[in-house]
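Visitor: Sending over a structure as structure tokens; questions will come in a sec.
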Amino acid sequence: MVAWLFGKASKSLPKKELSPHYADTNDIQACIEANGFCVLDTANVLRLTGCTLAELNGLASDWNQMPQDNYLKDGGHYRRRRHSCFVFEDHTLSQVPHRAHWQSLDYNALHGGMDRLFEPVLDTTIAKPAWTRILSALSQKLTDMHQPLNGKWCIEAHQFRIDTSDGIGRPTPEGAHRDGVNFVAVFMVGRNHIKGGETRVFEADGPRGQRFTLDQAWSLLLLDDTRMIHESTPIQPLAESGHRDTLVVTFRENTFQSSPS
């Protein structure tokens, strides 16, 4: 895996896109304990979730039906988004009533401190067996690694499409950040006619960092949000237009983040 010490080294980054070092499903816990994150290739995601590639690709078309994100404070129109919430307890995944997404300013200096009520994930998406398998398999794996308080994971699932309608698209307009949860999972659903979108993960309290590009459809970045900061660089079109689709799933033990008011 290519290491990157953030700071002075960042002034002379090579332009070549770097592939991540992929972990095996059996090594997830050891990899996260050692590095704060791990990356799985498509084959290992299939093994982890019990899904076929056809089942996962059957979800991907649902990213074509995404409403605009109307909360972008930079005035951009490059992000489409859906958001729904679930809990996992007693080995069972359940959807909870639709609720706003909230983060404190400590974790999101650009969009924190306000309730953002996005359109929910479509019922037809959630009804597909692959959706439940993805969230349940991740929840169970994380439970094996870290028993959540009161045995409950509070899960927020975000469908993102970042496009190049503004010339460039910003996957993380808030910059390098933590999400204020225990674990974050980022699935690369697909890249279409773009360059950029490099993932950068580094220690919140240390000098070590790594950068790479998730380019395999349904590859997965899984990180410990209590230890690591992450971001993705802007994307640019390689054709008339392009886009980058991801599924981001966050896991917070016992309670959801909510506005204190």
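The values are calculated or read from the model by the stated rules, or taken from the named source; none is laboratory data. As the structure is a computational prediction, the values presented were derived from the model and not from experiment. For neighbour counting, all protein chains shown are included, and Cβ atoms are generated from backbone atoms with ideal geometry for every residue, glycine included.
Visitor: I'd like to check something: does the range 138-153 contain any residue that is buried (at least 17 other Cβ atoms within 10 Å of the Cβ), in a strand (DSSP E or B) and in contact (Cβ under 8 Å) with a residue 12 or more places away in the chain?
Guide: Checked the range 138-153: at least one residue is buried (at least 17 other Cβ atoms within 10 Å of the Cβ), in a strand (DSSP E or B) and in contact (Cβ under 8 Å) with a residue 12 or more places away in the chain.
Visitor: Also, quick follow-up: Cβ contacts < 9 Å: first residue free of Cβ contacts under 8 Å to residues at least 24 places away in the same chain, restricted to the range 69-90; second residue among the hydrophobic types (A, V, I, L, M, F, W, C), any location; separation 6+ or different chain. Result?
Guide: N70/F118
Visitor: Let me ask something else about it. Just a yes or no: is a residue in the range 188-203 within 26 Å of K152 (Cβ to Cβ) and not aromatic (F, W, Y)?
Guide: There is no residue in the range 188-203 that is within 26 Å of K152 (Cβ to Cβ) and not aromatic (F, W, Y).
Visitor: So for the range 200-207 (the condition being under 20 Å from W63 (Cβ atoms) and outside any loop (DSSP other than H, G, I, E, B)), does at least one residue qualify?
Guide: No, the conditions are met nowhere in the range 200-207.
Visitor: Limited to the range 70-109, what total is found for residues that are assigned to a loop (DSSP other than H, G, I, E, B) and either at pLDDT below 95 or surrounded by fewer than 21 Cβ atoms within 10 Å (Cβ to Cβ) (or both)?
Guide: 23
Visitor: Which of (1) closer than 26 Å to K73 by Cβ; (2) free of Cβ contacts under 8 Å to residues at least 12 places away in the same chain is the odd one out, the single condition G206 does not satisfy?
Guide: Here G206 clears every test but (1).
Visitor: Which residue pairs have Cβ atoms closer than 7 Å, lie 6 or more positions apart in sequence or on different chains, and pair a first residue in the range 19-38 that is within 20 Å of R178 (Cβ to Cβ) and in a loop (DSSP other than H, G, I, E, B) with a second residue that is among the charged types (D, E, K, R) and at pLDDT 95 or above?
Guide: Once the first residue is within 20 Å of R178 (Cβ to Cβ) and in a loop (DSSP other than H, G, I, E, B) and sits in the range 19-38, its partners that are among the charged types (D, E, K, R) and at pLDDT 95 or above give G36/E203; G36/D224; G36/R227.
For (1) modelled with pLDDT of 95 or more; (2) of a type outside the set (F, W, Y), each residue gets a yes or a no:
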residue	(1), (2)
H111	no, yes
S136	yes, yes
W153	yes, no
S165	no, yes
V181	yes, yes
V184	yes, yes
T199	yes, yes
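Visitor: What are the residues in the range 161-199 that are among the aliphatic types (A, V, I, L, M) and assigned to a loop (DSSP other than H, G, I, E, B), if any?
Guide: The answer is I168, A176, V181.
Visitor: Can you find, within the range 114-132, the residue that is surrounded by the fewest Cβ atoms within 10 Å (Cβ to Cβ) among those that are touching a residue at least 12 places away in the same chain (Cβ under 8 Å) and of a type in the set (D, E)?
Guide: Step by step, filter the range 114-132, then rank; the result is D115.
Visitor: Regarding R133, is this residue out of contact with any His (no Cβ under 7 Å at 6 or more places or on another chain) and not aliphatic (A, V, I, L, M)?
Guide: yes
Visitor: Return the residue satisfying two criteria in turn: it lies in the range 208-224 and is part of a strand (DSSP E or B) and aliphatic (A, V, I, L, M), and of such residues it is surrounded by the most Cβ atoms within 10 Å (Cβ to Cβ).
Guide: Checking each candidate, the answer is L220.
Visitor: Hey, another quick one. For the range 159-172, does any single residue satisfy the condition of being in contact with a strand residue (DSSP E or B) (Cβ under 6 Å, 6 or more places away or on another chain), more than 29 Å from L46 (Cβ to Cβ) and surrounded by 22 or more Cβ atoms within 10 Å (Cβ to Cβ)?
Guide: Yes, the range 159-172 contains a residue that is in contact with a strand residue (DSSP E or B) (Cβ under 6 Å, 6 or more places away or on another chain), more than 29 Å from L46 (Cβ to Cβ) and surrounded by 22 or more Cβ atoms within 10 Å (Cβ to Cβ).
Visitor: Same structure again: Inside the range 39-60, can you point out the residues that are outside any helix (DSSP H, G or I) and of a type in the set (S, T, Y)?
Guide: Answer for the range 39-60, where residues must be outside any helix (DSSP H, G or I) and of a type in the set (S, T, Y): just T52.
Visitor: If only one of E240, E253 is modelled with pLDDT of 95 or more and not hydroxyl-bearing (S, T, Y), which one is it?
Guide: Among E240, E253, only E253 is modelled with pLDDT of 95 or more and not hydroxyl-bearing (S, T, Y).
Visitor: Is it the case that some residue within the range 93-108 is among the hydroxyl-bearing types (S, T, Y), without any contact (Cβ under 8 Å) to a residue 12 or more places away in the chain and closer than 24 Å to V189 by Cα?
Guide: yes
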